[in-house]
Amino acid sequence: MSRSLPSSSRVLSLALLGGLCLSLPAQSPRRVFGDPSTPQYAPNRTYHVENYKVAARINMEKGEIAGDETVTLHPLVPSLKQLYLNSAQLTIDAVSLQTSKGSTPLTFHSDESKLWITLDQPYTPEATLNLRITYHGNPQGRPFPDAGLSFIRPDASNPKRPLEVWSYGWPENNHFWFPCWDYPNDKATSETIITVPEPLSVVSNGELVKETHSKGEATFDWVEHVPHSVYLVSIAVGPWTKYSQTYKTKSVDYYVPPGTDRETALRSFGLTPDMMVFYASTYGVDYPYEKYAQTADHAFGGGTENISATSLAETTLHDARAEQDYPSFDLVSHELAHQWFGDLITEWSWDSAWLSEGFATFSAALYRGHHLGDDAYRYQIWQDQQTAAREDATRYRRPIVDRHYTRPWEILDRTTYQKGSVILDMLRYIMNDQVEESPSPSQPFFQTLRNYLTAYYAKNVETHNLINMFRTTTGRELDWFFDEWVFKAGYPQYTVHTSYDAAKHNENVTVLQTQKVDEVTPLFDMPVVLHFYSADGKLHEAKIRVRQKEETFAIPLDFEPQWMDFDPYNHIYKTLTLDEPIESLIARGEKDKSMISRLWAAQQLGKATGASTDAAVKALSQILEQDAFYAVRMMSAQSLGALGTESAKQSLLNALKQPNSHVRTAVVEALGHFSKDSQVYSVLVEVLRSDDSYAAEAAAARNLGELGTEAAFTVLQEKLATNPSVYVATGLIQGIAHYKTPQAKALLTEQSKTGITDEVRQLASRSLQGGGTGRNR
C-alpha cells in the first residue's frame, strides 16, 4: 500500500505490486479455499473408451433429446464384469452389447449420476466392447452453466429470442445429454449425428462427413479423429449464417445469427487465421484438427473451448464503433489457444486446471503483444498480476495446484487464470536469463513447450510432466521455482533501501522480504534485474539474486543514480516498497525506457501532497499529452483526477481531444472527481450525448449518476430513451441505480423487462435489488 510522507520531505513512500502500486481493499481475514480436509483425486478407471458415437434427435418444442449411442471401450482390469458410465437426468431405455454375431441385452440400473452396466461375462484387456445405449430425457433440468444442454427459445418475457440449443460440457456436464466417462483423465474419438428441425443446422467437432435432409428435418454427422476428453464434445444448434476463411488448407468457420453481415462477423473473428499462424509458429506444433469453427451463441457466457468448435457469447459480435473499446480478439485468442493447451493436451484432474487456463491466458497476452506490440503484452501481464493479487488479498490464498476444491467450478479463479499466466511469464524470464525480448520459437522456454506438446500429443498431463520436460529439453532444474510459485502460494513482499557510496563508487541495495512465512507462503528465491539511471540518461544494468529475508548488494556504479528500477519490466509478481524523491519520479515518468516504469511513476505522482502537488500536476499533464503508450496516459489521467486541483482539471479537459478512446474514457472517469463543477458537468453531458466512444459515454453516465441531482437524472433518462447500444445502456443503468426515487425504480423495472439484451435486463434486475451500481472509483 502507499502512504505520503510529510510534504517537507518531498519524498513519497511507494508500495508496488509487480512494479506498480495496487489499490487493494483493506486487508480482511481471508476465507479458506474449498475444504482443506477433503482432497479431490481423479476417479479410478476400469476401462478406456476408444470412441463415442452419439446419434440424437432434438425436440425443440419440448426441450428433449432422444439418443442412440454406441460406446467402444477396452477393459483395463484383468476381468471386467461390471462398469459404470456417468449419466443423469436421462431415462435409459435399453443397453446391449453389439458383436459381429448380433446384439446381447445387458442388465443395467441407474444410481444417482451413474449408469451401472453388468456385462454378459467377464472380459480381459484384449477385448473390444461396443455398448449400445438408447435413452431419452430433458438434459437441462439445472440452470446454465451446470446444464448439459441449454434450449434457447422465445417466451413471454423474451419474445425475440432465437431458437438455439448448445452444450456446455465443462467440467462434467456432458453426461446430462449422453452417457459417458465424464472426467478428463480418459481420451476418445467421437462422432455426433444430430437431427434437428429445418432450417436449423448443427455445428460439432471435427469434420462434417455427411448432411441429409428429409421430411422437414436435417441430420448432421460430425467426426473428430483426434482423441479428446469428453467434456470437449459439443453441439451448437441454430439458424446459423456461416462465413469462412482458411488456415493453410483448413476451413476456419464462423457461425453467427441470421442477419449478421460478413463485415460484422470478421470484425470479431477475422484475426483467427493470423492467431493460428502465430500459435503454430510460437509453439512449434501446427493446429491439429480438421477445421476450426466458432459459434456466436445466444445467452452464452464468455467462451468455451470445445475441440475444433469453440462456443462464444453472441455479445462478442459488435459494430464498428464498439471495436475501439470492446474488441473480441482477447477472448478469441484465449479460446483458440486452448486447442493446444486444454484440448490437445489436457490435465489429468481439475487441480491442475492451470495447465489449460493459465496457458490460454498467457497465450492471449502473447498474441496481444504480437498484434499490438511488446508494451501491450507487458501491460496485459501487469493487469493479470493486479487481478491475481486482488483475489489473494480479498478472498483466499492458495497454491495453483490445489486438490481441496469442493466443486470443479471453484478452481476457475484468478489464481488459476491470471496467476497461472504471470507464472509462465516469470518462467520465460528465468529461462531467458532475465533478458527482455519478444517471444521466439528459438528461446529455451518455447523449445520446451514444443517438446511438451509433441510428447503428450492427445494425452493427459500433470504439472510434473511440464517440470520434467524443462529438465530434459534444457538441462535446467526448476523444482525450486515450481515449489514456491505453483505448489505453494503468495508472492514476495520486498522492501528496498538504496544509498550511494561515492568513495567506493557503489550503489548499496538492501532488500528485505517482509511477507509472513508459513506453511503456504515461503521465502522466495528469484533473480532480479536492476536499472540505474543517471541524471543525463545513462543506463547501467545489474543482476542480483534475492533469496534471503534480508540481503545487501554492493553494485559497482560510476555515477550516483537519479532513480533505480527494481525489476524494470515487471516480470516478478510481488509487492515492493521503497522511498523515492518526487524529482526522481518526474524524471522516471518522462525518460524511462520501460513503459511499466513510466506507468508506475504516473501512478505514484497521483499521491503527491503539499508542496509537491503542483510539480506532480505539471509532470502528469505532460505525460498525459506526450507518452507513447496509451495506458501510461490513462494512468496519468487517473492521477490527475486524484490530485483534484484546478490545473489538473484543466489538463483533463484538454485531454478530451485525444484520439485514443481508452485515454478519453480514463479522462472522463477522472473528471468524475470534479463532476459538481459546472464546467465539468456540462462536458460530461456533452460526452454522453456525442462522444464516438461507447465506453466514454458509459463512463459519463456513471459519473452523472453519482451526482444524484434531478438535472443529471433527466439527462440519463433522455439518453436511455434513444435506445442506445448495450454498452451505453449498461452505463446508464449503473448511473440510474444511484437514484432511489420512484422514477428511477420505474425506469429500472422497465429495463428489466424490455432491455436491449439479456445482460441489460439482468443488470436492471440486480440494480432494483441494490446490486448494480458498478461504481468505477
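The values are calculated or read from the model by the stated rules, or taken from the named source; none is laboratory data. These numbers come from a predicted model, not from an experiment. Please note: Cβ atoms are built from the backbone with ideal geometry, for glycine as well, and neighbour counts cover all protein chains shown. Remember, those area values only see protein heavy atoms, side chains included, never the ligands or the DNA or RNA. Shrake-Rupley method; radii C 1.70, N 1.55, O 1.52, S 1.80 Å.
So here's what we get for this one:
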{"item": "The range 406-499 - percent relative contact order, Cα under 8 Å, separation 6 or more", "result": "17 percent"}
{"item": "P(r) tail fraction, the range 564-666 - alpha-carbon pairs more than 25 Å apart, %", "result": "15 percent"}
{"item": "Rounded to 10°, Cα long-axis angle of helix 582-591 versus longest principal axis of the chain", "result": "60 degrees"}
{"item": "Coil-residue GluC sites (Glu not before Pro) of the range 443-540, DSSP, other Cβ within 10 Å capped at 11", "result": "GLU477, GLU519"}
{"item": "Mean accessible surface per residue for the range 336-425, computed with a 1.4 Å probe while every protein chain stays in place, in Å²", "result": "22 Å²"}
{"item": "Backbone HN-Hα couplings from phi across the range 357-373 [Karplus 6.51/-1.76/1.60, Hz, Gly and Pro as x]", "result": "6, x, 5, 5, 5, 4, 5, 5, 5, 4, 5, 4, x, 4, 7, 10, x"}
{"item": "The range 459-528-the range 550-574 distance, computed between alpha-carbon centres (Å)", "result": "16 Å"}
{"item": "Whole-Å distance, taken between Cα centres, linking the range 657-686 and the range 575-620", "result": "23 Å"}
{"item": "The range 289-367 - percent of accessible surface contributed by carbon and sulfur, probe 1.4 Å", "result": "57 percent"}
{"item": "Full-extension gain in nm, LYS740 to TRP480, via 0.36 nm per residue minus C-alpha separation", "result": "88.0 nm"}
{"item": "Ranked by how many other beta carbons lie within 10 Å on average, peptides 325-334, 761-770, 94-103, 691-700 from highest", "result": "691-700, 325-334, 761-770, 94-103"}
{"item": "For SER37, solvent-accessible area (1.4 Å; no DNA, RNA or ligand), Å²", "result": "90 Å²"}
{"item": "Average projection area in nm² (convex hull over Cα atoms of the range 413-559, one quarter of hull surface)", "result": "11.3 nm²"}
{"item": "Farthest positive-ward along the chain dipole, Cα basis, beta-carbon charges - from TYR681, PRO561, TYR456", "result": "TYR681"}
{"item": "C-alpha center-to-center spacing [the range 162-225, the range 34-73] in angstrom", "result": "13 Å"}
{"item": "Options PRO581, PRO444, HIS540, ranked by Cα towards positive dipole end of the chain, top entry (Cβ charges)", "result": "PRO581"}
{"item": "Whichever lysines have a C-alpha closer than 29 Å to that of LYS210, once near sequence neighbours (fewer than 8 apart) are set aside", "result": "LYS53, LYS62, LYS101, LYS187, LYS242, LYS248, LYS250, LYS291, LYS459"}
{"item": "Projected-area average for the chain over all orientations - Cα convex hull basis, square nanometres", "result": "35.8 nm²"}
{"item": "Relative pair counts by distance (%), Cα atoms of the range 146-205, 5 Å bins", "result": "4, 14, 21, 23, 17, 11, 6, 3, 1"}
{"item": "Relative contact order %, the chain, counting alpha carbon pairs below 8 Å whose residues are six or more apart", "result": "10 percent"}
{"item": "Straight-distance crosslink candidates among aspartates and glutamates, where the alpha carbon sits under 16 Å from LYS419 and sequence neighbours closer than 8 are dropped", "result": "ASP351, GLU357, ASP384, GLU391, ASP392, ASP402, GLU410, ASP483, GLU484"}
{"item": "Using alpha-carbon coordinates, inclination of helix 374-394 to the longest axis of the chain, degrees", "result": "80 degrees"}
{"item": "Degrees separating the helix 272-283 axis from the principal Cα axis of the chain, which is the longest one", "result": "80 degrees"}
{"item": "The range 669-777: translational diffusion in µm²/s, Stokes-Einstein, Kirkwood Rh over Cα pairs, 25 °C, 0.890 mPa s", "result": "184 µm²/s"}
{"item": "With 5 Å bins from 0: P(r) over the range 309-349, alpha-carbon pairs, percent", "result": "6, 20, 24, 18, 13, 9, 7, 3, 1"}
{"item": "Distance in nm between pseudo-label sites at ASN59 and ASP433 (7 Å out along the Cβ direction from Cα)", "result": "6.9 nm"}
{"item": "Contour excess over end-to-end distance, with Cα ends at GLU560 and LYS543 and 0.36 nm allotted per residue", "result": "4.3 nm"}
{"item": "Nearest-20 debye value, the chain charge dipole, Cβ charges on Lys, Arg, Asp, Glu", "result": "1060 debye"}
{"item": "Rough spin-label spacing in nm, given labels placed 7 Å along Cα→Cβ, for SER214 and LYS753", "result": "4.8 nm"}
{"item": "Over the chain: helical MRE at 222 nm, DSSP H runs n ≥ 4 each giving -39500 (n - 2.57), nearest 500", "result": "-10000 deg cm²/dmol"}
{"item": "Antiparallel bridge percentage (DSSP; both residues within the range 204-313; nearest 5)", "result": "65 percent"}
{"item": "Dipole in debye (nearest 20) - the range 178-255, about Cα centre, beta carbon charges: Lys, Arg +1; Asp, Glu -1", "result": "240 debye"}
{"item": "Gain upon complete extension [ARG262, LEU76; 0.36 nm per residue less C-alpha separation]", "result": "62.0 nm"}
{"item": "Viscosity 1.002 mPa s, 20 °C: Kirkwood-radius Stokes-Einstein D of the range 137-246 over Cα pairs, µm²/s", "result": "143 µm²/s"}
{"item": "Solvent accessible area, Å² - HIS571, 1.4 Å probe, full protein context", "result": "10 Å²"}
{"item": "Estimated distance in nm for a label pair at SER244 and ARG31, the labels positioned 7 Å out from Cα along Cα-to-Cβ", "result": "4.9 nm"}
{"item": "Over the range 47-178, volume per residue of the alpha carbon convex hull, in Å³", "result": "111 Å³"}
{"item": "Greater than 19 Å apart at Cα, pairs in LYS543/LYS574; LYS504/LYS593; LYS549/LYS593; LYS81/LYS114", "result": "LYS504/LYS593; LYS549/LYS593"}
{"item": "Highest average packing first - 206-214, 643-651, 223-231, Cβ atoms within 10 Å", "result": "223-231, 643-651, 206-214"}
{"item": "Proportion of all alpha-carbon pairs of the range 346-460 beyond 26 Å (%)", "result": "22 percent"}
